[in-house]
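The values are calculated or read from the model by the stated rules, or taken from the named source; none is laboratory data. Remember, it's a predicted structure, so these values are computed and weren't measured experimentally. Cβ coordinates were reconstructed from backbone atoms using ideal geometry, including for glycine residues, and neighbour counts include every protein chain displayed. For accessibility, only protein heavy atoms count, side chains too; no ligands or nucleic acids. Shrake-Rupley method; radii C 1.70, N 1.55, O 1.52, S 1.80 Å.
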Amino acid sequence: MRILTRYILREVLSYTVLGGVLFTFILFTSRLGAFLEIFVRDSASLSDVARLIAYFLPGALVVTIPMAVLVGILLGLSRLAADSEITAMRASGMGAFDFVRIISLVSLAALILGLFNSIYLAPRSAAALLQLENRLKYAQASFAVEPHVFDEDFKNVVLYVQEVLPGKGAALWHHVFLADVTQPESPRITTAEEAIVTTEGPGDLHLLLKDGGQHELSETDPNQYNIETFATADLPMQSGAQDDTHISRSDTPILALSLPELRRRAFLNDGPNAEKISRPYRIELNKRFSYPFACLVLMLVGVPLGLSSKRGGKSTGFVLTILLVFIYYFVSLIGTALATQGKLPPILGVWSANILFAIAGGILLQQLSSGGLALSLVSTLGVQLSAVLSKLRPRRAAADDPEKAAEPDLATQIAQRVRSSLHIRFPLILDEYIMRAFTSNFALVLVTFWILFTIFTFFELIGDIIHNRTPLVTVGDYLLNLTPFILYHVTPLCVLVAVLVTFGALARSSELTAMKAAGISIYRIIIPVLVLTAVIAVALFAFDEFYLPSANRRQEALRNVIKGKPAQTFLRPDRKWISGQTTAAPAEPRALFNHPAATAQSNPADPVRIFYYQFFDPDRNVFANLTVFEFDPATFTLQRRIFASSARWDGRVDRWLFENGWVRTFAGEAQASYNPFVLTTFPAIREEPQYFKKEDRQSQEMNFGQLSRYINDLRQSGFDTKKLSVELDLKLAYPVIVVVMAMLGMPFAFATGKRGGVAGFAVAILLAVSYLGVSSLFEAMGRVNTLPPGLAAWSPDLLFALAGGYLLLRTPT
């Protein structure tokens, strides 16, 4: 009995650990990029990033430990049942409750671990994460300022620099423009030929300005205009806008409470609203115990279902895992939402899923010994799955199915005719066999990951769905439009798993040995899969080019509906600082009005022009309180400043009409002229209304050409395009990783094939985590301008391709 106990526990534990790693990996994927970006910005050390990851994991384990127990029980027992080992054990005298007693050892261990994590470890990790975030909150001011970009990440200051020269311990900026917007109606302007920049502390910079001046306009009297010049000037700057390092959840303060403090707040009895105030704390208190105890109730359901899945094996176990996880967390989240709204007591709402599953587990255990409808349905499901999978798997040999082998299918006949007509010796019969095996495995893994990510997304949104009473039709439409996004992003991982499974199965069944004995090299064996992965890579690019952007726009709009957000507009008229066009000046257009200000600028040489406005109506093409600054391109001294209370576009003459304002010209740092006007135009200002109607669009909602044009448009107007430039190169680099993953997975498949599917899947997760970490690191370095966008996007592909090629060359052929 001890031998059987150890055997069953080993089988269940292996799948439990694998499931826990997989589910935690899925939750971890959305956080790693943010962790690494703050590292490459020099606002956090490597040890800080390691602590961020360590503080995140306990919160994820609260949810993934019960799921891991369920997947371990169902997959482990389903595998034993499919191989008739369960039948042999029961024939030797083991009863149903003997299996329950053995499996309960795993569940009790998971319960103890879950309680320790939920009660002690997770709250302290959440508190430590909150403290670390507060320390890093303003630590990102020391990153290099992007040239030709309006930087608003400083308190009450807008910064624009034409050239940045980074140095050790300091940076040198050329042609500096600073606008103090403490009074937005009349910003105080500071210009300088250059500035030496040093870091004073977290979030603070010190600027030593040289050869510049300050321009200050009176708020009440436009005739009062002060100019102060300086040879050198000291200016401190404080970060005050960025808050992008927030990694934790919005309810972190409650999650960070210790158990005694949580109990004190949960049973607060003072005041008229004590029950309403204490309700969130009572819900959290019950959740800290309900999720760990889910390990027991899920075991009560999982054992009878796993023992009854005689056909279908691990496929049946996987389907049951997905179904039961979905039902459990769906019921749990609905109960929690009803408790939050006060429609159910907190203890009943939070524990509702555990109560229902405990009842269902008792019924299933009773039926296990006497037989029943529920367990017979599970057995039927296994038979159906086995039949479906047998159709997907490639035929092992012609002797297994001689009639079908004699009559090839239509696709094979077409391929044979094309090969014979073109005299091509690819694909041969062996190639078709490997390609069918890889395709079937890839399709199954792709569907698996799609289901997992869809369920996790649904769990994330269930609170908003209930709170905003979103119709299920809208939710279904959102998940349907989210499917292309999921498939696009999980395809490389699915290719990796499919390669490991396919070649692992060939190695385990000694088919690889037979192929090599027949004189076929390993390099010739892998060609079919490499060809298929190249086709998948091209298909991914085409998918992103022609279909994915429109699907992403639809799913983003539907997500806003589910979240209860107002309909978003892509236009950003609230962008108040825009640099002018840099194209050469055309021939001077005809004048509209006989006014000295209208003809003041007849020089064809373009100045550096910056627009500042307080409001822009993109429908009527009207500005309110528009200021135009014009600088000498050589010395960056202010040459002319124009102000108009309103400016509108006149399509009849294709010019802006400036109303009720003034224009000042400057000679060096002294005012040369001042001319008020009621209505005038400035022919040198040639930017049309469309130039100011910038769109705020995500890279995933554009194809390659659209994103390239969008970047050029934003860059010319002085907006930050670092992140978008990396995303542009990723549109080419990301599909290529499919081929790289196949190359990397093949040597590991040949090495781990004899150890079974669990080892192969574990290797897949390890390689996926490694690629995700390296890719996120290089992308973050590209976004903060530490690396050029092309190098940031293509470096992971190059590194992993070199590693895969090296390992392939060292593989015995």
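Descriptive notes on the structure:
- Ranking by accessible area, most exposed first, for Asp713, Asp619 with a 1.4 Å probe: Asp619, Asp713
- Largest accessible area first, the listed residues Lys210, Lys155, Lys276 line up as Lys276, Lys155, Lys210 when surface is computed with a 1.4 Å probe on the assembled protein chains.
- Sum of side-chain charges, Gly342 neighbourhood, beta-carbon under 10 Å (Lys, Arg +1; Asp, Glu -1): +2
- Were the residues from Ala517 through Thr220 laid out at 0.36 nm apart, the gain over their Cα-Cα distance would be 97.6 nm.
- Accessible area, probe 1.4 Å, largest first, for residues Arg648, Arg664, Arg279: Arg648, Arg279, Arg664
- Counting only protein heavy atoms and using a 1.4 Å probe, the accessible area of Arg609 comes to about 10 Å².
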